[in-house]
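For reference, the structure is listed below as structure tokens.
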Amino acid sequence: MANLADEYGTDVEIYIKPLTTTIHADTASGSPAALHDLLDQLGLKRHEYPADAPLYIWHTVPERLDADQQKRLASRAIPALLMAGYEVDCTSEVFDNSAYQQAVHEIRSRTSRPAPEQAPAAPAVQPAPSRRAP
């Protein structure tokens with residue numbers, strides 16, 4: 001099995017597997033579990049070979065989606081992967097610029113929102129002055 005992420009020296013390579021319509025996301029050998037978990041969270045389906053002690057792990061975009069939805073899902077995953085510090089490459093036949101830009105906008109909107117206002121802190125309670133008997 002060819003692993004394009006290893007071949008090109010990236011963390012993730014997103015492409016359409018030759019002779020199929022399946023969008024693959026290859027991850028570099030030895031990738032951290034956090035990368036695989038993030039790809040799962042972004043809606044990609046994990047595959048492992050062999051199943052009992054995986055040597056090769058890759059993800060695919062769910063085939064239940066139509067071709068345009070698959071490209072949008074893959075393209076929307078890229079900004080989150082980049083924000084997490086991973087090096088990602090995506091072929092032009094998969095890349096959907098408007099889906100990518102929308103995902104970037106959503107990430108920026110979430111990160112640039114001001115923190116919710118908190119109720120002002122209660123004033124510090126000062127002890128009552130002690131009364132001295134004359």
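Condition check: acidic (D, E) and either surrounded by 12 or more Cβ atoms within 10 Å (Cβ to Cβ) or in contact with a His (Cβ under 8 Å, 6 or more places away or on another chain) (or both). Does D89 satisfy that? Criteria met by D89.
Within the stretch 1-37, track down each residue that is open to solvent by 30 Å² or more (accessible area, probe 1.4 Å) and hydrophobic (A, V, I, L, M, F, W, C). Walk me through how you get there before you give the answer.
So in the stretch 1-37, the residues open to solvent by 30 Å² or more (accessible area, probe 1.4 Å) come out as 1-2, 4, 6-9, 11, 16-21, 29-30, 32-34, 37.
Those that are open to solvent by 30 Å² or more (accessible area, probe 1.4 Å) and hydrophobic (A, V, I, L, M, F, W, C): M1, A2, L4, I16, L19, A33, A34.
Across the stretch 60-82, not a single residue is classified as within 17 Å of the chain's Cα centre (by Cα) and modelled with pLDDT under 95. Only residues that are free of Cβ contacts under 8 Å to residues at least 12 places away in the same chain, of a type in the set (D, E, K, R) and within 28 Å of S98 (Cβ to Cβ): list them for the stretch 28-74, please. Residues satisfying the conditions are D37, R64, D66.
The values are calculated or read from the model by the stated rules, or taken from the named source; none is laboratory data. Bear in mind that the values here come from a model prediction, so they are computed numbers and not experimental data. Using ideal geometry, Cβ is built from the backbone for each residue, glycine included, and neighbour counts are taken over all protein chains shown. Ligands, DNA and RNA are stripped out before the accessible areas are found, and what is left, the full protein with its side chains, is counted by its heavy atoms. Shrake-Rupley method; radii C 1.70, N 1.55, O 1.52, S 1.80 Å.
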